[in-house]
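To keep things clear, I will list the structure first and then write my remarks on it.
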Amino acid sequence: MAEEQNGGHSLHTIGLAAEEERAYRALMNLARTDAATLAAALDLDVAESAALLIALTERGLARMHADDLFTAVPPDTALGGLLADRFEALRHGYDALHGLVSAYRDAQRRHGGDEAETISGEAALRSRIDQMQRRATRQMRAFVRTPRMTARSDLTIHDEALGRGVRYRMVYEKAMLDLHGQVDRIRELTARGEEVRFAAAVPLKIIIADDEAAIIAEPGTQPVALATEHPALVALAAALFEQVWTDAVPAPQSDEDAPFSSEEDRMLLSLLLAGLTDQTIAARLGVGLRTVQRRVRDLMDVAGVDTRIQLGWQAARRGWV
């Protein structure tokens, strides 16, 4: 999970070192400035400050002017390339996992190993998922996308696990939000203590119990998955989850300190940052399009920004999401 820094989420997940991020945040709050001024703001030596300014310039986060003064490049412009690199890393992570699963299954078939099991059918999958939740002692993690591995179940086992301190973290592909009743379901889950984030896409359907067991769904619409406790497969699935989790947009939590008049506004902001259109958000929340547009405008006014991209940046910095 991204660490919080200066009231917002850390940018180390897209490749910025901690000192580079400190310098960039400070530079955003300054007009044209030189190394000495930035050094004073950060309590650094001038040489250290100058090195940071050069590093930010090379990354495209700062601009050096003819008078040897520096300004910050707006984040919505500067961070696009870094995010593209991050998405490419995620794609390679998925390719590595998919290749390892295929190679492992081939080896199991050749040698008659039994460390992995193919589970077919919704009832069998539901039973194995319930078993994993009962055995979990620390956390459950999952990617959720359409079509689901199984139909929704009651939350008895889920609540029992939460009650004994098991942490639940789920990343929902944003297409899931188009399903009838899904937004209400997510509200219910977050109210029970589950941590939910949204991503434009998740690479595959995975469920991980602690660092001990994983279910990895086969591509396609049929309820078929590989269940494994093999350490290498579980570790790679967990690493892929953490990578996607870090970059995903958090669903609102009821105790967040943000200027919202209702839980609906919290959800609106999360859906907006997840990339849904105003019309889709209105349909999911059961309100009119003009209501959504007015509420977004109100949030922009509170944040003191002029664009939705800037709203997303400020929401992250202020810990609203």
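The values are calculated or read from the model by the stated rules, or taken from the named source; none is laboratory data. The model shown is predicted, which means the values in this text are computed figures rather than measured ones. A quick note on method: Cβ atoms are made from the backbone with ideal geometry, for glycine too, and the neighbour counts reach across all protein chains shown.
Odds and ends about this structure:
- Verdict on residue 265 being more than 15 Å from the chain's Cα centre (by Cα), at pLDDT below 90 and part of a helix (DSSP H, G or I): yes
- Considering residues of segment 268-295 that are surrounded by fewer than 16 Cβ atoms within 10 Å (Cβ to Cβ) and aliphatic (A, V, I, L, M) only, the residue modelled with the lowest pLDDT: 287
- Of all residues in segment 42-64, those that are surrounded by 14 or more Cβ atoms within 10 Å (Cβ to Cβ), of a type in the set (A, V, I, L, M) and in contact with a strand residue (DSSP E or B) (Cβ under 8 Å, 6 or more places away or on another chain) total 4.
- A Cβ distance below 7 Å, combined with a sequence gap of six or more or placement on separate chains, defines the contacts here; from segment 216-241, residues that are in the same structural domain as residue 143 (by TED's automatic domain parsing) reach residues that are buried (at least 20 other Cβ atoms within 10 Å of the Cβ) and among the aromatic types (Phe, Trp, Tyr) in the pairs 241/143.
- Search result, residues across segment 37-68 that are more than 28 Å from the chain's Cα centre (by Cα) and of a type outside the set (A, V, I, L, M): 37, 43, 45, 48, 49, 63, 65, 67, 68
- Pairs meeting the criteria (first residue in segment 42-69 and over 15 Å from residue 21 (Cβ atoms), second residue aromatic (Phe, Trp, Tyr), beta carbons under 7 Å, at least 6 apart or on different chains) are 63/70; 64/70.
- Tally of residues being of a type outside the set (A, V, I, L, M, F, W, C) and either assigned by TED's automatic domain parsing to the domain that holds residue 270 or within 23 Å of residue 244 (Cβ to Cβ) (or both) across segment 158-167: 2
- You will find that of 149, 170, the residue that is assigned by TED's automatic domain parsing to the domain that holds residue 221, closer than 15 Å to residue 214 by Cβ and touching a residue at least 40 places away in the same chain (Cβ under 8 Å) is 149 and no other.
- Candidate set: segment 50-75, residues that are assigned to a loop (DSSP other than H, G, I, E, B) and of a type outside the set (Val, Ile, Thr); chosen: the one modelled with the highest pLDDT: 69
So that you can scan it fast, the table gives a plain yes or no per residue for (1) surrounded by 18 or more Cβ atoms within 10 Å (Cβ to Cβ); (2) assigned to a strand (DSSP E or B):
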residue: 129; (1), (2): yes, no
residue: 150; (1), (2): yes, no
residue: 160; (1), (2): no, no
residue: 165; (1), (2): no, no
residue: 169; (1), (2): yes, yes
residue: 175; (1), (2): no, no
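- Taking the listed residues 97, 162, the one that is at pLDDT below 90 and within 25 Å of the chain's Cα centre (by Cα) is 97, with no other qualifying.
Okay, residues lined up against (1) in contact with a helix residue (DSSP H, G or I) (Cβ under 7 Å, 6 or more places away or on another chain); (2) modelled with pLDDT of 85 or more; (3) not assigned by TED's automatic domain parsing to the domain that holds residue 283:
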{"residue": "136", "(1), (2), (3)": "yes, yes, yes"}
{"residue": "156", "(1), (2), (3)": "no, yes, yes"}
{"residue": "175", "(1), (2), (3)": "no, no, yes"}
{"residue": "185", "(1), (2), (3)": "no, no, yes"}
{"residue": "192", "(1), (2), (3)": "yes, yes, yes"}
{"residue": "210", "(1), (2), (3)": "no, yes, yes"}
{"residue": "213", "(1), (2), (3)": "yes, yes, yes"}
